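Chemist: Okay, handing you the structure first.
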Amino acid sequence: MALIKSISGIRGTIGQTPGENLTPIDIVKFTAAFGSLVKGQKEKIRVVVGRDGRMSGEMVQQLVVQTLVALGIDVVDLGLSTTPTVEMAVTAAQAAAGIIITASHNPREWNALKLLNEKGEFIDAALGAKVLSMAEQGQFNFATIEKLGSVTAANYMDHHLNAIVNYPLVEASVIAQKKFKVVVDAINSTGALYVPALLTRLGVTDVIVLNETVNGKFAHAPEPLPENLQELCHEVVRQGADLGIAVDPDVDRLCFVNEDGTLFGEEYTLVAVADYVLSKRPGAAVSNMSSTKSLKELALAKGGQYASAAVGEVNVVAKMKEVKAVIGGEGNGGIIVPDFHYGRDALIGIGLFLTHLALSGKKMSALRKRYPDYFISKNKIELQPGTDLSAIFSAIQKKYAQHPLHTEDGLKIEFDSDWVHLRSSNTEPIVRIYAESDLESKASHMAQQLMRDIKEFSQPLS
């Protein structure tokens, strides 16, 4: 059980001991800190709050909303929503900030507070540090009875979906002509509400939804990884569907299944969307350091540029702004379309991907063959309390000093055209070890070797 404070928000397992898990006391404390900092000396501000379908979501949301009210803040309460919808609602409602209640891909015992600024973007590290500091100090000024905030219920689904249908690069009429049959794995969360509604607006009328009851009792591990999507793969074939769509509980990650039941590959969601966007709008593309090199190759082949960022949406967004990217995201299926909004958004990703597929005239499996068959081995090691990760990374750096090394985000080692990236997770007490090669066995071998290195260098010297 854990409580993790990072650029990805305040995340933890529900219940048990305050300060060690995400308890009601912690929820109130961090909400009060964020609300106090955002409000400052202003008489009145507005904050948007929304949640995914997690079992603890309603409880956490009530604590968040009423804490903000107690600070004298007016709340726009979206109830069940998605992360990208809350991000867009912040600017649409002219709010000063937003709070998304979701632990994204983490198991159902987890929840989190994700904090947004007035642009509907994740707060930067400096403001995040202030939130943590103020929460620990516990010095909050709550409003008197005459100045309590108010709560207004709102639904921004139409605002979000209409914006997608009207986005210049999304061609709903072309999608509708294809008469796609689609199977959706909604993982018992708000994707069950939003994805079918979007598909309908895009002219897709034949939709089968798996795990459509929004109760947070996830039918499988919620991260859209191959081992968790076997039901979807099977159902696509059984239904004779053209494709399958999987999202995570807060609908900011996206992956696809081909008509033959094989996976398109979460790494290639961004590659395929970038292929389409860059064909219409030449420019720069951005992904994080743990993402496939395919995006770099694609961008350069189209005469564009490529830049990498540290892992974490806020880092990718910062790099996208720096290089004025036209498309970006993360290899976990996160798509960021800058002139739509600066946030990972599975829904705009669906609109762009289906347009690309429809215009290609190909089946899903044939479209996938347009892109390289690189393999990324994704692994993790749990950290023991007190582990000195910096010392471990330093020892590994010395061992591989003859290879190109990058230390902007953990440690990335280049082996000719292959790479391995080691970094501590922003969302779990683990080290992630990703390796990419043109051969699956080679990627796995590299990852396993670095995992052995981590274990070796984590042993105390005798």
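All of the numbers you see were taken from the coordinates with simple rules; none came from a lab. All values derive from a computational prediction rather than experimental measurement. Positions of Cβ are backbone-derived with ideal geometry, glycine not excepted, and every protein chain shown enters the neighbour counts.
Chemist: Taking a threshold of 23 Å on the Cα-Cα distance, which of the pairs LYS42/LYS130; LYS296/LYS378; LYS181/LYS296 fall above it? Display every interim value, and only then the final one.
Modeler: Details: LYS42/LYS130 18 Å; LYS296/LYS378 20 Å; LYS181/LYS296 32 Å.
Over 23 Å Cα-Cα: LYS181/LYS296.
Chemist: Please give every one of the aspartates and glutamates within straight-line cross-link reach of LYS321, meaning a C-alpha to C-alpha distance under 13 Å, and leave out same-chain neighbours fewer than 8 residues apart.
Modeler: Once the sequence-local aspartates and glutamates are set aside, what remains near LYS321 is GLU121, GLU313, ASP339.
Chemist: OK, next. Give, as a single signed number, the net charge of other residues whose beta carbon lies under 12 Å from the beta carbon of ILE164, with Lys and Arg counted +1 and Asp and Glu -1. Walk me through the numbers before you get to the answer.
Modeler: Numbers: positive: ARG201; negative: ASP158, GLU171, ASP345.
Residues near ILE164 contribute -2 overall.
Chemist: Within a 10 angstrom radius of the beta carbon, how do VAL236, VAL64 rank from fewest other beta carbons to most?
Modeler: Details: VAL236 28, VAL64 25.
Least to most surrounded, the residues fall as VAL64, VAL236.
Chemist: Here's a follow-up. Label points 7 Å out from Cα along the Cβ direction at ALA221 and ALA125: separation in nm?
Modeler: Spacing of the two 7 Å Cα→Cβ label points: 2.9 nm.
Chemist: Among bridges DSSP assigns within the chain, what percent are antiparallel (round to 5)?
Modeler: Counting only bridges with both partners in the chain, antiparallel ones make up about 55 percent.
Chemist: Continuing with the same structure: Tell me the relative contact order for segment 170-368 as a rounded percent, counting alpha carbon contacts under 8 Å between residues six or more apart. Mind dumping the intermediate values first?
Modeler: Values: 451 pairs, mean separation 40.9, N = 199.
Relative CO of segment 170-368 lands at 21 percent.
Chemist: Taking 0.36 nm per residue of separation and subtracting the Cα-Cα distance, what length does fully extending HIS234 through MET55 add?
Modeler: On the way: separation 179, 0.36 × 179 = 64.44 nm, distance 2.72 nm.
Result for the pair: 61.7 nm of gain on full extension.
Chemist: So if we plug the beta-carbon distance of SER279 and ASP206 into 1/(1 + (r/R0)^6) with R0 = 25 Å, what FRET efficiency do we get, rounded to 0.05? Before the final figure, lay out the partial values.
Modeler: On the way: r = 28 Å, r/R0 = 1.12.
Working from the Cβ atoms, E equals 0.35.
Chemist: Here's another thing I want to ask about it. For segment 3-157, what class follows from the C-alpha gyration tensor (a ≥ b ≥ c being the square roots of its eigenvalues): rounded when a/c is under 1.5, otherwise prolate if a/b is larger than b/c, else oblate?
Modeler: On the way: a/c = 1.41, a/b = 1.11, b/c = 1.26.
Because its axes are fairly even, with a/c under 1.5, segment 3-157 counts as rounded.
Chemist: Would you mind checking the radius of gyration and Dmax of segment 86-199 based on alpha-carbon positions, in Å?
Modeler: Rg then Dmax for segment 86-199, in Å: 18.8, 59.
Chemist: When Rg is the radius of gyration of the Cα atoms in the chain and Rh is its Kirkwood radius, what does Rg/Rh come to? Provide the component values of the computation, followed by the final result.
Modeler: On the way: Rg = 21.9 Å, Rh = 22.7 Å.
Ratio of gyration radius to Kirkwood radius: 0.96.
Chemist: In addition: Work out how much length ASN155 to ARG370 would gain on full extension: take 0.36 nm times their residue separation and subtract the Cα-Cα distance, in nm to one decimal.
Modeler: Numbers: separation 215, 0.36 × 215 = 77.40 nm, distance 3.93 nm.
So the chain would gain 73.5 nm between ASN155 and ARG370.
Chemist: Using alpha carbons only, how many angstrom separate the centre of segment 375-393 from the centre of segment 161-229?
Modeler: 35
Chemist: Using only the Cα atoms of segment 197-277, build the gyration tensor, take square roots of its eigenvalues as a ≥ b ≥ c, and label the shape rounded, prolate or oblate: rounded if a/c is under 1.5, else prolate if a/b is larger than b/c, else oblate.
Modeler: Rounded, since a/c falls under 1.5.
Chemist: Now a separate question. For segment 170-368, just list the percent of Cα-Cα distances falling in each 5 Å bin from zero outward, please.
Modeler: Pairs per bin, as whole percents: 1, 9, 17, 21, 21, 15, 11, 4, 1, 0.
Chemist: Rounded to the nearest 0.05, what FRET efficiency is calculated for ALA395 and SER133 with R0 set to 25 Å and r the Cβ-Cβ distance? Could you put the intermediate results ahead of the total?
Modeler: Working: r = 32 Å, r/R0 = 1.29.
E(calc), rounded to 0.05, equals 0.20.
Chemist: How long are the semi-axes of the equivalent ellipsoid of segment 235-299, defined as square roots of 5 times the Cα gyration tensor eigenvalues? Whole Å, largest first.
Modeler: On the way: eigenvalues 125, 37, 23 Å².
Square roots of five times the eigenvalues give 25, 14, 11 Å.
Chemist: Next up: By counting other Cβ atoms within 10 Å of each Cβ, how are GLU313, GLU382, GLU118, GLU223 ranked from fewest to most? List each step's numbers first, then the result.
Modeler: Working: GLU313 25, GLU382 9, GLU118 16, GLU223 21.
Ordered from fewest to most neighbouring Cβ atoms within 10 Å, GLU313, GLU382, GLU118, GLU223 come out as GLU382, GLU118, GLU223, GLU313.
Chemist: For the chain, what are the DSSP H helices with axial Cα length of 24 Å or more and mean Kyte-Doolittle hydropathy of at least 1.6? Please report the intermediate quantities before stating the final value.
Modeler: On the way: long enough: 440-457 (26 Å, -0.89).
Helix filter hits for the chain: none.
Chemist: Compute the Kirkwood hydrodynamic radius of segment 372-424, taking the inverse of the mean of 1/r over all pairs of distinct Cα atoms, and give it in Å to one decimal. If you can, show how the numbers build up before the last one.
Modeler: Working: mean 1/r = 0.0802 Å⁻¹.
After inverting the pairwise mean of 1/r, the radius is 12.5 Å.
Chemist: Percent of Cα-Cα pairs per 10 Å bin, from 0 to the last occupied bin, for segment 21-79, please list those.
Modeler: Each 10 Å bin holds this share of Cα pairs: 23, 56, 20, 1.
Chemist: Calculate how many DSSP beta bridges within segment 40-141 are antiparallel, expressed in % of all such bridges and rounded to the nearest 5.
Modeler: Details: 5 of 16 bridges.
Antiparallel bridges make up about 30 percent of those DSSP assigns within segment 40-141.
Chemist: Also, quick follow-up: If the chain between LEU300 and SER360 were fully stretched, how many nm would it gain, using 0.36 nm times the residue separation less the Cα-Cα distance?
Modeler: On the way: separation 60, 0.36 × 60 = 21.60 nm, distance 2.11 nm.
Separation in residues times 0.36 nm, less the Cα-Cα distance, equals 19.5 nm.
Chemist: Hey, rough spin-label estimate for GLU322 and ASN166, points 7 angstrom out along Cα→Cβ, what's it come to in nanometres?
Modeler: Spacing of the two 7 Å Cα→Cβ label points: 3.5 nm.
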